[in-house]
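The values are calculated or read from the model by the stated rules, or taken from the named source; none is laboratory data. Just so you know, these numbers come straight off a predicted model, no measurement behind them. Counting neighbours? That spans all protein chains shown, and the Cβs are built from the backbone with ideal geometry, glycine included. In case anyone asks, the SASA skips ligands and DNA or RNA and just uses the protein heavy atoms, side chains included. Shrake-Rupley method; radii C 1.70, N 1.55, O 1.52, S 1.80 Å.
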Amino acid sequence: MKLDGRRESGNVDDRRRMSGGAKAGMGIGGIILVAIITFLSGGNLGDVIQNVGTQMITGGGVEQQSDREFTPEEEELAAFSKKVLASTEDVWTQVFRENGLGEYRAPTMVLYTGAVQTACGQGNAQVGPFYCSADEKLYIDLSFFSSMKRQLGADGDFAYAYVIAHEVGHHVQHLLKTLDKAHAQMSRMGKVDQNKLSVRIELQADFYAGVWGHYEQKMFGSLEDGDLQEAIQCAHQIGDNYLQEKAQGRSVPESFTHGTSAQRMKWLKLGLQTGDLRQGDTFSKSESQL
């Protein structure tokens, strides 16, 4: 992905030198594979507690400044992430205007290390990137990208960009009231039905990530050979069935919250190919059409 010379977003809160003041309540090993199901695509902290079955620490630790230095690789990832966020700002500003949706309000990206305080509770690096609609911020510990490569075999700059674009996709859902409406419906449902609705939320965010990629290429021509395959491979590796089978040797469809590998690839590719918001209504589709 060619981003040389591109601007970096100013909507970034870099807290990487701040300590969140709490320790994790779970190990990274196999549990991260299950936690990724919830968090990679924007699930909330309560969902992780339910899905993993492990109590996370929720105390309000005081953030403290540290003097740690960052490696060139870490700084490169930070700059890359800021450029991707800037791209989403440019793309969604245009898409909102073209579709008569008003002015796009960009989210803030919080870069942190270890643990972080959010309006949705305390975030932890071990459970990956997430979006919090309560403060309109997406939270990323950049070490997650290393975990993606090591734990899931998902690698490449466009795969990383897809993760960011997906979290921004949840912000788009929030701005369009889709996310809030779905969460309100989920509060009146049993767990199985909640999971089914969650899948539709996540697949639409995949579609929106694809829409971003479509316009990124149209506006800037930044995609290179292999980039699309990186994102599609990443979508495959984070399907519920793949992650569950990798973590526990079998999958439990009624517990799926983000969609199968085939579904995630399908909706990402649809967004990439069409860039048409009208084709991203995952809520009106039958289960067989997902």
Excluding residues fewer than 8 positions from residue 2 in its own chain, the aspartates and glutamates with Cα under 15 Å of it are 76, 157, 216, 224, 225, 227, 230
Once the dipole of the stretch 168-283 is set up from charges on Cβ (+1 Lys and Arg, -1 Asp and Glu), the residue from the list 220, 249, 274 lying farthest towards its positive end is 249
Of every hundred units of 1.4 Å-probe accessible area on the stretch 108-150, the number belonging to carbon and sulfur atoms, as a percent, is 47
Excluding residues fewer than 8 positions from residue 196 in its own chain, the lysines with Cα under 16 Å of it are 181, 285
Checked against a 22 Å limit on the C-alpha separation, the offending pairs among 83/246; 177/266; 137/191; 218/266 are 83/246; 177/266; 137/191
For 199-205, 235-241, 4-10, ranked highest to lowest by mean beta-carbon neighbours within 10 Å, the order is 199-205, 235-241, 4-10
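Could you estimate the translational diffusion coefficient of the stretch 237-290 from the Stokes-Einstein equation, with Rh from the Kirkwood formula over C-alpha pairs, at 25 °C and 0.890 mPa s, in whole µm²/s?
Working: Rh = 12.1 Å.
In µm²/s, the coefficient is 202.
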Among 88, 128, 139, the residue whose Cα sits farthest towards the positive end of the charge dipole of the stretch 79-178 (+1 at Cβ of Lys and Arg, -1 at Cβ of Asp and Glu, taken about the Cα centre) is 128
So, with points 7 Å from each Cα along the Cβ direction, the residue 262-residue 146 label distance in nm works out to 3.7
